[in-house]
Amino acid sequence: MAAVFASTVIQIPLAYILFSRESLVLGQGFLDFSNEQQLLILGFVLFVALSFILCVGLPAFFLLKKLKRNSLFYLTTIGAVVPIAFLLLMELSTDTRAGFSSGENYYGTYRAMVENGLRTKWGVIKYTEEMVVYSIHGFFSALVFFKIANRGVDA
């Protein structure tokens with residue numbers, strides 16, 4: 001139980017740092033959220049993290065334990081790969097919408113992300129960045145979970 005709690009709670013500061021990455025790169029420091037925004041982000045981060053940990057992390061941990069592959073390497077690899085697989089599944093399961101275009105402010109410059117239903121170069125870069133960010137979340141969650149679940153054993 002402590003491992004689930006800790007691997008969920010570690011997502012809060014990690015999410016804050018990762019949400020602020022664009023602002024940090026532009027030299028503006030950490031983002032300043034209002035109290036209302038902080039509660040909304042906190043709830044969202046905890047809900048998503050706990051859902052993934054309970055639905056994917058725990059079953060993976062017990063499966064690895066049963067297969068005698070319960071090591072830091074295997075668990076953190078699963079933690080890093082599952083978010084990427086989830087994002088790819090979401091991407092492949094959505095159809096392209098012909099005629100749909102969108103863009104956004106990306107690191108201080110407006111970039112077209114989707115044109116006529118297809119990702120542009122900047123859209124692919126942003127999508128890849130998202131996969132890396134969520135992979136980092138999964139990696140650190142698995143790392144904290146493993147260290148607490150195996151404290152005194154092989155941690």
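Some points to look at:
- In region 133-152, the residue that is surrounded by the most Cβ atoms within 10 Å (Cβ to Cβ) out of those that are among the small types (Gly, Ala, Ser) and more than 10 Å from the chain's Cα centre (by Cα) is ALA142.
- Residue within region 111-118 that is of a type outside the set (A, V, I, L, M), closer than 18 Å to TYR134 by Cα and either outside any loop (DSSP other than H, G, I, E, B) or touching an Asp or Glu at 6+ places or on another chain (Cβ under 6 Å) (or both) present: no
- Residue selected from region 112-130 under the condition surrounded by 16 or more Cβ atoms within 10 Å (Cβ to Cβ) and not β-branched (Val, Ile, Thr), by the criterion nearest to the chain's Cα centre (by Cα): LYS126
- Filtered residues of region 95-132 (kept if of a type in the set (D, E, K, R) and more than 15 Å from GLU22 (Cβ to Cβ)): ASP95, ARG97, GLU115, ARG119, LYS121
- Scanning region 43-57 for residues that are surrounded by 15 or more Cβ atoms within 10 Å (Cβ to Cβ) and either of a type in the set (S, T, N, Q) or under 16 Å from ALA3 (Cα atoms) (or both) yields LEU46, ALA49, LEU50, PHE52, ILE53, VAL56, GLY57.
- Pairs, first on the phi > 0 side of the Ramachandran plot in region 84-100, second of a type outside the set (Lys, Arg) and part of a loop (DSSP other than H, G, I, E, B), C-beta under 7 Å, six or more apart: GLY99/ASN116; GLY99/GLY117
- THR96 vs. criteria more than 12 Å from the chain's Cα centre (by Cα) and farther than 27 Å from MET113 by Cβ: no
- In region 2-40, residue farthest from ARG151 (Cα to Cα) [restricted to those that are surrounded by 12 or more Cβ atoms within 10 Å (Cβ to Cβ), of a type in the set (Ser, Thr, Tyr) and free of Cβ contacts under 8 Å to residues at least 60 places away in the same chain]: SER23
- The single condition among (1) surrounded by fewer than 16 Cβ atoms within 10 Å (Cβ to Cβ); (2) not in a loop (DSSP other than H, G, I, E, B) that ARG69 does not meet is (2).
Throughout, read-outs are computed from the coordinates displayed, never taken from laboratory work. Because the structure is a prediction, the values reported are computed rather than measured. Virtual Cβ from ideal backbone geometry, glycine too; neighbours counted across all protein chains shown.
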